[in-house]
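Reviewing the structure listed below.
The values are calculated or read from the model by the stated rules, or taken from the named source; none is laboratory data. Just so you know, these numbers come straight off a predicted model, no measurement behind them. Ideal geometry is used to build each Cβ from the backbone, glycine not excepted, and the neighbour counts take in all protein chains shown. Note: accessible area is taken over every heavy atom of the protein model, side chains too, but ligands, DNA and RNA are not part of it. Shrake-Rupley method; radii C 1.70, N 1.55, O 1.52, S 1.80 Å.
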Amino acid sequence: MAGGRETCLTLIGFILICLTMVASAKSAPEIPTIDQAYSKISNSITVEWATVPGATSYLLTAEDGDTVIETMVANSPGTVTGLKAATLYEITIRSISAAGRSQASPPKQAKTVLAAPILEVSSPSSDSILVQWEAVYMATGFSVSIMRANGLGSIWKENTTNTSLTFTSLEAGTLYTIKAYAWNANGIPGDDSTCNQRTSPRAPASIQVSFDSGALKASFSWALAEGAFNYTVMALSDSSELTCSTAFSSCTISSLQCGTEYLISVSASNDAGSSKSSSEVTLKTVACAPGRVTIQEDPPGHLSVAWSNVDLGDYYVVFVKSDDGLEVHCNTSLTQCNFLSECGFTYFISVFAYNKAGQSPLGDIVNYTTAPCCPSDINPVLVSSDRVEIVWSPVRGAELYETKAADGYNTVECNDTAPGCTLSALECDTKYNITVYSFSEVRGSNMSCTPQFITTAPCSPEIKNVSRDAFSMINVHWRSTNDDATYTVTAQGEKGLYQCSSMGESCTMRGLPCGSVFSVTAVAETQAGRSLPSYSVPLETVPCCPTGLTVTQITQSVINVSWTIGRVAQTHVAVLESHTGQSKCHTHQNYCLLGCITCGINYTVTLKAISATGLTADCSYQSYFSGACCPLGVKLYRLGSNGIRIYWQASRGSASYSTDLYGSKGIFTCTPSAGLSFCDVTEIPCGDVYTVMVSPVAETGLKLTFCPKKIYSVTCSGSTLGMVIYRGKRNEE
């Protein structure tokens, strides 16, 4: 039962639908006919058709194979929007009335135009605009035009196949309108794009700079630039970058650094960007205050103020004010100034640097207190060779006095608040540099005080030795470290006082008596004074020489030397010397017998006197000629009744001879002529015995009597010649 009811209801509904469709077909408007379909905008197509009676609206449909877009319009023409650019669409139209809608019209194809380029514009310089876009689908070229936005001037149009274009020779700071569209292969233009772009402004000109040296700030001004919205001033140095910005034609930068050179540039900007910077202007600020100010007082009375060089400082001015109110100054392009100063003052010093910008800021004020004055009336008094006493008058500012005595190696000091000092333990014969320094707690010692030089008395010399030469002169040698000293040596004894002087290290004394004892001392003397005497050295002179030296020939080979003993001589040495040899004897008596003497040659006789201490005096030098040698072969020959010839053989060294015959009836003598070796004696009695002696005669005429004697007997019988009988030699004691 239930199933039959549902089948009935379904059938009734189907019948109702069919009836409705029949009713609609009978009342729907006519199908429109499309006259034309075209695209002027890349996202739409415009359709034109004849009006359908009774139609109240129309339904436009655009299909591209992927999408269907419908648009209701009231009448022709109608436009379908929301389409794709450069796309072929199939367009249909339906008319609609209260009774319904018609069937779709026959389709009409239409293609949307190219899309408009999407523009990116900029002003890279004040006279140019760069237009850029992305490639447009199906575009084969582009057309770009530009003109002033206010409509003045001409239009500049350019065609290109690129995706960028630059317009140049434009006016700076001016607003331009740019329009661009693409076209396809058929030359059909697409949508256009329009935008406005302003060129960037030109750099500002006529830049003026005003510097405030006291505040270290600068004000800048310039001529306004066309189309500029804002201005930026940049002050650039090696270490910093300062800026100020304004919409007007001036601005101020503060907190500039001293001693800095800034490069100033001004740029203008607008919505297109910034201009190039203007031509740079140099700004030199005032120099910084000079630092590292040092003060030296060298020499005393002269202050040397020095400071470090500062950048941009053309010259410097130094002000020096003393504590008594006096102020002086100096200008210099160097980094040093010299001022006269006085001892005992405090000076206040400030240094400024200057350039065209003005005066540097005030730096540190340096004060300097000069050293106390030096004593001017120093009176050193030499007390001895190892001490000096000094006094002076008090000076201003001195709280203590420091006295130094320096010899180049050692320094002796004494400090005292009193204006006097005694320097002791000094070296003898030493030149001391003695300086009195005044001292104050603030400055310390005044090291510029003038020294005085004083040399202590000379050192005592040290006698090294006392010697005697061959001429009995006394040579005294000493050791001393003194310079330019005169030395006096004194020998004092019971026989008197003897002296010699020298500037060296020795001197010679003459004329000291023999056989005496002296005490020898030496004293040095310079302009500084006299030294203490040296330690004494005993001196014993050589013994006195004997007097009355006598040489006597005893025999042909023996002589006797005798003398008178001199003072302090204890022994003597007698020496005979010749080219044949030497004969010597040493005795404590006053004579000597010397043997082995060679007859007929010259001898030198020397006598030495020797004291108990061994001192020797070469007392006498004497030449002695030994006697001529005795002749040999003495013979007698009878000459007549009463004559005798005596004959001999001459020996060495004999010049002449003398012959003596000693008999009971007398003495007979004959002297031969020079060069003969015989002699005749006449009138001699016969019958007697004679002692015959032939003696050499010296040059002095002295007849030597030490030759041997012979005895002869002269008879009276026989021939007239007679006989001379040799009886032998006579013995003599």
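Assuming R0 = 56 Å, what is the FRET efficiency of Lys276 and Thr332, from their Cβ-Cβ distance, to the nearest 0.05?
My answer for the efficiency is 0.80.
Probe radius 1.4 Å, ligands and nucleic acids ignored: give me the carbon and sulfur share of the accessible area of region 651-704 as a rounded percent.
Exposed carbon and sulfur together represent 55 percent of the surface.
Would you mind calculating the relative contact order of the chain from Cα pairs under 8 angstrom and at least 6 residues apart, reporting the percent as a whole number?
Over the chain, the number comes to 5 percent.
I need the phi-derived Karplus couplings for region 423-435: 6.51 cos²θ - 1.76 cosθ + 1.60, θ = phi - 60°, integer Hz, Gly and Pro marked x.
Result, rounded to whole Hz: 9, 10, 6, 8, 8, 6, 6, 10, 7, 9, 8, 9, 10.
Can you list the aspartates and glutamates whose alpha carbon is less than 12 Å from that of Lys665, not counting same-chain residues fewer than 8 positions off?
Glu683, Asp688
Would you mind checking Lys217/Lys284; Lys284/Lys321; Lys464/Lys495; Lys40/Lys84 for any pair whose Cα atoms are more than 22 angstrom apart?
Distance filter (> 22 Å) returns Lys284/Lys321; Lys464/Lys495.
In deg cm²/dmol and to the nearest 500, what is the mean residue ellipticity at 222 nm of the chain if only DSSP H runs of at least 4 residues count, each as -39500 (n - 2.57), divided by the residue total?
-1500 deg cm²/dmol, from helical runs alone.
Tally Lys and Arg at +1 and Asp and Glu at -1 over the other residues with C-beta under 10 Å from the C-beta of Ser57: what net charge comes out?
+2
Give, rounded to the nearest 20 debye, the magnitude of the charge dipole that the chain has about its Cα centre when Lys and Arg contribute +1 at Cβ and Asp and Glu contribute -1 at Cβ.
Value, rounded to 20: 4240 debye.
Modelling each spin label as a point 7 Å along the Cα-to-Cβ direction, I'd like the Ser623/Thr246 distance in nm, to one decimal.
So the label points at Ser623 and Thr246 sit 13.3 nm apart.
Stretched out fully, how many nm does the piece from Gln132 to Ile31 gain, at 0.36 nm a residue minus the Cα gap?
Contour length minus Cα-Cα distance gives 31.6 nm.
Do you know the relative contact order of region 121-199, to the nearest whole percent, from alpha carbon pairs under 8 angstrom that are 6+ apart?
36
With a 1.4 Å probe and all protein chains left in place, how much accessible area per residue does the chain have, in Å²?
Here the per-residue accessible area is 53 Å².
Over every pair of different alpha-carbon atoms in region 294-370, take the mean of 1/r and invert it; report that Kirkwood radius in Å.
With all distinct Cα pairs of region 294-370 included, I get 12.7 Å.
State the label only: which of (i) 138, 71, 44; (ii) 88, 66, 60; (iii) 251, 79, 77 corresponds to Cα extents along the principal axes in Å computed from the shown model?
(iii)
Which whole-Hz couplings ³J(HN,Hα) result when phi for each residue of region 312-328 is put into the Karplus expression 6.51 cos²θ - 1.76 cosθ + 1.60, θ = phi - 60°, listed in order with x for Gly and Pro?
Taking θ as phi minus 60°, the curve returns 6, x, 7, 7, 10, 10, 10, 10, 10, 10, 8, 6, 9, x, 6, 10, 10 Hz for region 312-328.
What number, in percent, do you get for the relative contact order of region 267-404 if the mean sequence gap of Cα pairs under 8 Å and at least 6 apart is divided by its residue count?
Normalised by residue count, the contact order of region 267-404 is 20 percent.
First measure r as the distance between the Cβ atoms of Thr669 and Ser506, then evaluate 1/(1 + (r/R0)^6) with R0 = 45 Å and state the FRET efficiency to the nearest 0.05.
Rounded to the nearest 0.05, the efficiency is 0.10.
How tilted is helix 2-27 with respect to the longest principal axis of the chain? Cα atoms for both, answer in degrees (0 to 90, nearest 10).
It is inclined by approximately 90 degrees.
How far apart, in nm, are two points set 7 Å out from the Cα along the Cα-to-Cβ line at Ile365 and at Lys635?
With each label point 7 Å from Cα toward Cβ, the separation is 14.5 nm.
Could you tell me whether region 121-199 comes out rounded, prolate or oblate from its Cα gyration tensor? Rule is a ≥ b ≥ c as square roots of the eigenvalues, rounded for a/c under 1.5, then prolate if a/b exceeds b/c, otherwise oblate.
Cα axes put region 121-199 in the prolate bin.
Excluding same-chain residues fewer than 8 positions from Lys179, which aspartates and glutamates have a Cα within less than 20 Å of its Cα?
Glu120, Asp127, Glu134, Glu158, Glu171, Asp191, Asp192, Asp271
Just to check I understand the Karplus step: with θ = phi - 60° and J = 6.51 cos²θ - 1.76 cosθ + 1.60, what whole-Hz values come out for region 93-110, glycine and proline as x?
Values, residue by residue: 9, 10, 9, 10, 9, 5, 7, x, 10, 8, 6, 5, 6, x, x, 10, 8, 8 Hz.
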